[in-house]
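Before anything else, here's the structure in question.
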Amino acid sequence: MSLKLPQNMNSNLFKQGYNSYSNSDGQINKSIAAIREIHQMCLTSMGPCGRNKVIVNHLGKIIITNDAATMLRELDIIHPAVKVLVMATEQQKIDMGDNTNLVMVLAGELLIVSEKLLALGLSAVEIIQGYNMAKNFTLEELDKMVVGDIVEKDSQTELLKVIKPVLTSKKYGSEELLSKLVAEAVSHVLPRTAQGITPYFNVDSIRVVKIMGGCLANSTVIKGMVFNREPEGHIKSLPEGGKHKVAVFTCPIDIANTETKGTVLLHNAQEMLDFSKGEEKQIDAMMKEIADMGITCVIAGAGVGELALHYLNRYQILVLKVPSKFELRRICRVCGATPLPRLGAPTPEEIGVVETIKTMEIGGDRVTVFKQEAEESTRTATIILRGATQNNLDDIERAIDDGVAAIKGLMKHNGGKLLAGAGATEIELVSRITKYGERTPGLLQLAIKQFALAFEVVPRTLADTAGLEVNEVLPNLYAAHTVISGEGDEEIAKRDCLFKGVDISKDSSEGITDVREEGIYDMLAPKKFAINVATEAATTVLSVDQIIMAKRAGGPAPPQARKPGSWDQDD
């Protein structure tokens, strides 16, 4: 009998250096262990009292935030199973703008509770089937748990119901001021028609300008745009009280250069004096044409020549250079102008109108303000943020972006429907999904019950980060959401149960609050999208049977330890 030596599987299939991990080697448990680590990091940053993280990215930039989407974007994650969850949070950020932390926390919790099911002997297919059944039931139940609907989507009071809870979870303590700033800015730019408000809203309509100095209370909203630069000429502001015509040029404001170089032969001094007069007359005629159209402000998307600037100053025209093409589009939306690729007098249809153009000094920085007054409509509003540190201003800007993105979700179909916040909806889902699991025959009920248990992570984390006793608050919450049959009107009692959430301000000894008093609401659309995306991400990880990783491209990595001389030489 010949001796058969063991050989490496797939030895001739892949290049040298590939790695393969299968379920027989405990691949799924290793993946869940990696997900548990990132899940724990996002878990402690959840809710109004969530902890901040200091992240130093590969460029050495320091970021202080509790926003899950920002943390996951800046971290260099290489584990393929964790990347599936990261992609799910990115999709939530793109589509809804908020609840990114819920996606990561819920998906991670679903995988952690599935470990018990795998240890009991259930196959991954059975767990996936149970999770999908529970997800479909959850999405149906959420429609029945709606506690409010925003009809007047242009009312600042109604907008605050959506914006305030989002900002509270990011910047607890400053939510009143920030939510009023966002609501005021949004109310300026909401598009309106004869029938009322249109459902379209562009998040790019709200800009944020960060100026160091002062405090957050000094922040203001401008119905228009603010540029962190001064005008080019000696005219810095235009008279107030009237309407100023604006022309926007994307081309350089100067004499066009020829494609080929030429040589000029001058015979005497007079020819030298007359040499530049043709150019001067040509540029003077162009600037006079612009001035004759009544234009008092010119926006230049490219360079402004010295000679052109001289004549613009002579005709009392303010000149502002805006090198960014995105800023050019926004200023066109503010004043209603058309960007011109040619130099010359614009037609009346291409001219924009703005009421106030002035240069101000804010915190030592000179800025130029383009502002529309109450009568004129604008499609861009600017929030001027003041603060002591750049990191704090960056974090506030991220919070405002989430608040503005919530308005985008509000404008969608059925986007105005509200659920009870503060963990009230999740606690109610735990009991409803558990009852549904008990009615389901077979082994699938185990997966459905574990799906329900995963929702407990939200109220548990809210209580834990707020410093409450979790083992006391959770039983009190379950009791508050239980209706005893035969006592009073059961329908009213069931309705009141939906509003019982975690009291993070510790006003109650039981740790329970009525969300109607605090105005804590969650939007239905982002919540449903988050549950759907989180479940899909978790089931995707569970359905993976084998991970095959090719050898990473590139040459050998330089050694980390310091050595004398160059690392690629034998010293």
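List pairs: first in the range 164-187 and over 20 Å from ASN202 (Cβ atoms) and of a type in the set (S, T, N, Q), second open to solvent by 20 Å² or more (accessible area, probe 1.4 Å) and in a loop (DSSP other than H, G, I, E, B), Cβ under 7 Å, 6+ apart or cross-chain?
THR168/PRO48; SER169/PRO48
Now for a separate question. Can we say PHE529 is more than 23 Å from GLN40 (Cβ to Cβ) and modelled with pLDDT under 80?
no
Among the residues of the range 396-416, what is the count of those that are of a type in the set (Val, Ile, Thr) and assigned to a loop (DSSP other than H, G, I, E, B)?
The number of residues fulfilling the criteria is 0.
Considering only residues that are part of a loop (DSSP other than H, G, I, E, B) and surrounded by 22 or more Cβ atoms within 10 Å (Cβ to Cβ), which ones fall in the range 69-115?
MET96, ASP98, ASN99
Checking the condition open to solvent by 30 Å² or more (accessible area, probe 1.4 Å) and in a loop (DSSP other than H, G, I, E, B), which residue from PRO323, PRO346 passes?
PRO323
Condition test on LEU273, is it in a helix (DSSP H, G or I) and in contact with a strand residue (DSSP E or B) (Cβ under 7 Å, 6 or more places away or on another chain)?
In short, no.
If you go through the range 403-415 one residue at a time, do you hit one that is surrounded by 20 or more Cβ atoms within 10 Å (Cβ to Cβ), in contact (Cβ under 8 Å) with a residue 12 or more places away in the chain and more than 22 Å from the chain's Cα centre (by Cα)?
no
So which pairs qualify, if the first residue must be in the range 74-97 and touching a residue at least 12 places away in the same chain (Cβ under 8 Å) and farther than 23 Å from GLN546 by Cα, the second must be open to solvent by 40 Å² or more (accessible area, probe 1.4 Å) and part of a helix (DSSP H, G or I), the Cβ gap must be under 8 Å, and the two must be at least 6 apart or on different chains?
These pairs meet every condition: GLU90/ARG73; GLN92/PHE529; ASP95/PHE529; MET96/LYS408; MET96/PHE529; GLY97/VAL203; GLY97/ASP401; GLY97/LYS408.
Continuing with this model, one more query. Does GLU140 satisfy being within 28 Å of the chain's Cα centre (by Cα), assigned to a helix (DSSP H, G or I) and closer than 19 Å to ASP401 by Cα?
It is false that GLU140 is within 28 Å of the chain's Cα centre (by Cα), assigned to a helix (DSSP H, G or I) and closer than 19 Å to ASP401 by Cα.
So that you can scan it fast, the table gives a plain yes or no per residue for (1) at pLDDT 80 or above; (2) under 26 Å from ALA399 (Cα atoms); (3) part of a helix (DSSP H, G or I); (4) within 20 Å of the chain's Cα centre (by Cα):
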position	(1), (2), (3), (4)
LEU122	yes, no, no, no
ILE127	yes, no, yes, no
GLY130	yes, no, yes, no
ASN136	yes, no, yes, no
VAL151	no, yes, no, no
THR157	no, yes, yes, no
ILE163	yes, yes, yes, yes
SER169	no, yes, yes, yes
TYR172	no, yes, no, yes
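Next question. Only residues that are surrounded by 14 or more Cβ atoms within 10 Å (Cβ to Cβ) and either at positive phi or assigned to a helix (DSSP H, G or I) (or both): list them for the range 39-68, please.
HIS39, MET41, CYS42, LEU43, GLY47, ALA68
Yes or no: LEU393 closer than 22 Å to MET46 by Cα, open to solvent by less than 10 Å² (accessible area, probe 1.4 Å), of a type in the set (A, V, I, L, M) and assigned to a strand (DSSP E or B)?
Against the criterion (closer than 22 Å to MET46 by Cα, open to solvent by less than 10 Å² (accessible area, probe 1.4 Å), of a type in the set (A, V, I, L, M) and assigned to a strand (DSSP E or B)), LEU393 does not qualify.
Check off (1) open to solvent by 10 Å² or more (accessible area, probe 1.4 Å); (2) among the β-branched types (Val, Ile, Thr); (3) in contact with a helix residue (DSSP H, G or I) (Cβ under 8 Å, 6 or more places away or on another chain) for ILE433 and give me the number that stays unchecked.
In the conditions (1) open to solvent by 10 Å² or more (accessible area, probe 1.4 Å); (2) among the β-branched types (Val, Ile, Thr); (3) in contact with a helix residue (DSSP H, G or I) (Cβ under 8 Å, 6 or more places away or on another chain), ILE433 misses (1) alone.
A follow-up question, please. Does LEU312 meet the test of being touching a helix residue (DSSP H, G or I) at 6+ places or on another chain (Cβ under 8 Å), over 15 Å from PRO231 (Cβ atoms) and either touching a residue at least 40 places away in the same chain (Cβ under 8 Å) or surrounded by 21 or more Cβ atoms within 10 Å (Cβ to Cβ) (or both)?
no
Can I ask one more? Search the range 518-531 for residues that are of a type in the set (Lys, Arg) and pair each with any residue that is crowded, with 24+ Cβ neighbours inside 10 Å and in a helix (DSSP H, G or I) when their beta-carbon atoms are under 8 Å apart and the residues are at least 6 apart or on different chains.
Qualifying pairs under 8 Å: LYS527/LEU102; LYS527/THR425.
Of a type in the set (A, V, I, L, M, F, W, C), at pLDDT 80 or above and in contact with a Ser or Thr (Cβ under 9 Å, 6 or more places away or on another chain) - does that describe any residue in the range 187-202?
Within the range 187-202, not a single residue is of a type in the set (A, V, I, L, M, F, W, C), at pLDDT 80 or above and in contact with a Ser or Thr (Cβ under 9 Å, 6 or more places away or on another chain).
Every residue, every condition in (1) crowded, with 18+ Cβ neighbours inside 10 Å; (2) small (Gly, Ala, Ser), yes or no:
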| residue | (1), (2) |
| --- | --- |
| LEU328 | yes, no |
| CYS335 | yes, no |
| PRO341 | no, no |
| GLY352 | yes, yes |
| THR356 | yes, no |
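The values are calculated or read from the model by the stated rules, or taken from the named source; none is laboratory data. Because the structure is a prediction, the values reported are computed rather than measured. Positions of Cβ are generated from backbone atoms using ideal geometry, with glycine treated the same way; all protein chains shown enter the neighbour counts. Surface accessibility is based on the protein's heavy atoms, side chains included, excluding ligands, DNA and RNA. Shrake-Rupley method; radii C 1.70, N 1.55, O 1.52, S 1.80 Å.
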